[in-house]
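Structure first, commentary second.
The values are calculated or read from the model by the stated rules, or taken from the named source; none is laboratory data. Source: prediction; values computed, not measured. Cβ coordinates were reconstructed from backbone atoms using ideal geometry, including for glycine residues, and neighbour counts include every protein chain displayed. We work out accessible area using only protein heavy atoms, side chains counted, and drop any ligands, DNA or RNA first. Shrake-Rupley method; radii C 1.70, N 1.55, O 1.52, S 1.80 Å.
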Amino acid sequence: MRIAIDAMGGDHAPEEIIKGAVNIVKAIPDLELILAGSEEAFSAYLPRDSERITTVISHSVMAMDESVENLRRKKDSSIYMATEQVAEGNAEAIVSCGSTAAQMAAALLLLGRIKGVKRPAIVLPFPTLKGSKVMLDGGANADSNAANLMDFALLGNAYARFITGNDSPEVVLLSNGGEAHKGNSLVRETHALLAATPLLNFKGNIEGRDIMAGDYDVLVTDGFTGNVVMKVTEGVASGLFHLIKEEITATTGRKIGAALVKPGLKNIAKKFDYSNYGGMPLLGINGISIVCHGCSKAAAVESAVRAAVDYVEQGFIEAVSADIAAYRHTEKILKEESADA
Amino acid sequence: MRDIYSEILEIFKDTLQLEEGVEIDPNATFAEQDIDSLDLLEVVTAIERNYKIEISDEALSEIKTAGDAEACVKKLINEG
């Protein structure tokens, strides 16, 4: 099994990315890694005796805020070169903690879309009271129409079926009210599409305050809203933990109590720790491209590589492709029947 | 005679996986046809690959419609 890694992408690159790579290759016996990065990075951080790690030398990096159009001129960038390893058959998946937009663009240009997918999406894990659920689009498409959201629902459904083994995951749409008539025009139009299709187990709208309850498997929204929801959640969780810490350590008496609740609080914090989720695949791309949080350190990189190995071994692309093909086939039959009627 | 416009339309359809029957209006802007900058990036890369040409950033910034893409490709082929 060979996995390519963008060694230059992320807030803590290249040091933490290379460190994660060195650690994980020691932990998985038959794993080989191909790191795309600069000569300087490798001479500084990659031990000379690293076994089963090869390198490709990149000469530029796609910055977090850089326009994806620049990727055309940056074919020597670490994300492009790492993705190219998959496109050329040298690696079976690629992992990056760099710009998600650049990663999506590189994946689209080099790996293409799964047949039947018009809009690929970013799927995000969401910690809820009923375990981890998924939300999409997490930000691949800032502007979306109802047909795009229908695509996200199909992709999310295929993803949840693959991950949970549940044949009929519950799909919900994020809105500002549970009723079908609530929401902006995009949400109302999407609701009508989702409610009309027999292809999904659509359970209607949920509000933002219901996200944490977790009474669903797949939460569908547009990329702009999805990205805002994710970042607000991270911010609220982080702020809340700081407030709790301040309050429970404010007096000596409280500090004694704090020692008792500390293990429980640590468990909750773990659920919100991105490094435990190990990165998520770009959905709808015809190859495995794992997106990690930009703040990822070595442990998160290790989890992401483990996730990549699992997706490859379990035939993720084949499973999603088969699901999408089945949806499109059924959709076609339904359209023909409706035209005949 | 080679029909560059039809070839370009095929590249659009193949790359963006447009459904059968969905047509690209040569005069409507990409934005009007739900084709975003990432879609255009994919299509332009596919066009470059197909015709073995290089479309500069300047030329790309002027491609707003499929008709513009056709004109750009014809110009580059004639220059080449």
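The condition of being within 14 Å of another protein chain (Cβ to nearest Cβ) and open to solvent by less than 50 Å² (accessible area, probe 1.4 Å) holds for only one of A:ALA82, A:ALA105, that being A:ALA105.
So, in the range A:154-172, exactly how many residues are open to solvent by less than 30 Å² (accessible area, probe 1.4 Å) and touching a helix residue (DSSP H, G or I) at 6+ places or on another chain (Cβ under 6 Å)?
Narrowing the range A:154-172 to residues open to solvent by less than 30 Å² (accessible area, probe 1.4 Å): A:154-160, A:169, A:171-172.
Checking the rest, the ones that are also touching a helix residue (DSSP H, G or I) at 6+ places or on another chain (Cβ under 6 Å) come to A:154, A:158, A:169, A:171.
Counting residues in the range A:154-172 that are open to solvent by less than 30 Å² (accessible area, probe 1.4 Å) and touching a helix residue (DSSP H, G or I) at 6+ places or on another chain (Cβ under 6 Å) gives 4.
Scanning the range B:17-34 for residues that are surrounded by 15 or more Cβ atoms within 10 Å (Cβ to Cβ) and under 11 Å from the mean Cα position of the chain (by Cα) yields B:ILE24, B:PHE30. Beta carbons closer than 7 Å, at least 6 apart along the sequence or on distinct chains, pair a first residue in the range B:55-80 that is more than 14 Å from every other protein chain (Cβ to nearest Cβ) and touching a residue at least 60 places away in the same chain (Cβ under 8 Å) with a second that is open to solvent by less than 60 Å² (accessible area, probe 1.4 Å) and of a type in the set (Phe, Trp, Tyr) for B:ALA66/B:PHE12; B:GLU70/B:TYR5; B:VAL73/B:TYR51; B:ILE77/B:TYR51.
Only residues that are crowded, with 23+ Cβ neighbours inside 10 Å, farther than 30 Å from A:LYS19 by Cα and within 12 Å of chain B (Cβ to nearest Cβ) were counted in the range A:118-140, giving 2.
Listed by first and then second residue, the pairs with beta-carbon distance under 6 Å, at least 6 apart or on different chains, first residue in the range A:297-322 and within 20 Å of A:PRO120 (Cβ to Cβ), second part of a helix (DSSP H, G or I), are A:ALA319/A:PHE162; A:VAL320/A:ALA158. In the range A:62-79, the residue that is farthest from A:ASP11 (Cα to Cα) out of those that are in contact with a helix residue (DSSP H, G or I) (Cβ under 6 Å, 6 or more places away or on another chain) and surrounded by 23 or more Cβ atoms within 10 Å (Cβ to Cβ) is A:LEU71.
In this structure, A:GLU32 qualifies as away from every other protein chain (no Cβ under 14 Å) and among the charged types (D, E, K, R).
Counting just the residues of the range A:301-341 that are among the hydroxyl-bearing types (Ser, Thr, Tyr) and in contact with a helix residue (DSSP H, G or I) (Cβ under 7 Å, 6 or more places away or on another chain), which one comes out most open to solvent (accessible area, probe 1.4 Å)?
Of the residues in the range A:301-341, the ones among the hydroxyl-bearing types (Ser, Thr, Tyr) are A:303, A:311, A:321, A:327, A:330, A:338.
Now narrow it down to the ones that are in contact with a helix residue (DSSP H, G or I) (Cβ under 7 Å, 6 or more places away or on another chain): A:303, A:327.
Numbers: A:SER303: 35, A:TYR327: 20 Å².
Within the range A:301-341, the match that is most open to solvent (accessible area, probe 1.4 Å) is A:SER303.
Between B:GLU79, B:GLU10, the distinction of being open to solvent by 70 Å² or more (accessible area, probe 1.4 Å), farther than 21 Å from A:ALA102 by Cα and over 12 Å from the mean Cα position of the chain (by Cα) belongs to B:GLU79 only. Report whether or not A:ARG113 is within 14 Å of chain B (Cβ to nearest Cβ) and at pLDDT 90 or above. Taking the combined requirement at face value, the residue satisfies it.
A:GLU39: more than 13 Å from chain B (Cβ to nearest Cβ), open to solvent by 10 Å² or more (accessible area, probe 1.4 Å), within 29 Å of B:GLU48 (Cα to Cα) and among the acidic types (Asp, Glu), yes or no? Write out each step before concluding.
Numbers: more than 13 Å from chain B (Cβ to nearest Cβ): yes; open to solvent by 10 Å² or more (accessible area, probe 1.4 Å): yes; within 29 Å of B:GLU48 (Cα to Cα): no; among the acidic types (Asp, Glu): yes.
When the stated conditions are applied, A:GLU39 does not pass them.
The selection criterion, being more than 22 Å from the chain's Cα centre (by Cα) and open to solvent by 40 Å² or more (accessible area, probe 1.4 Å), does not hold for A:LEU186.
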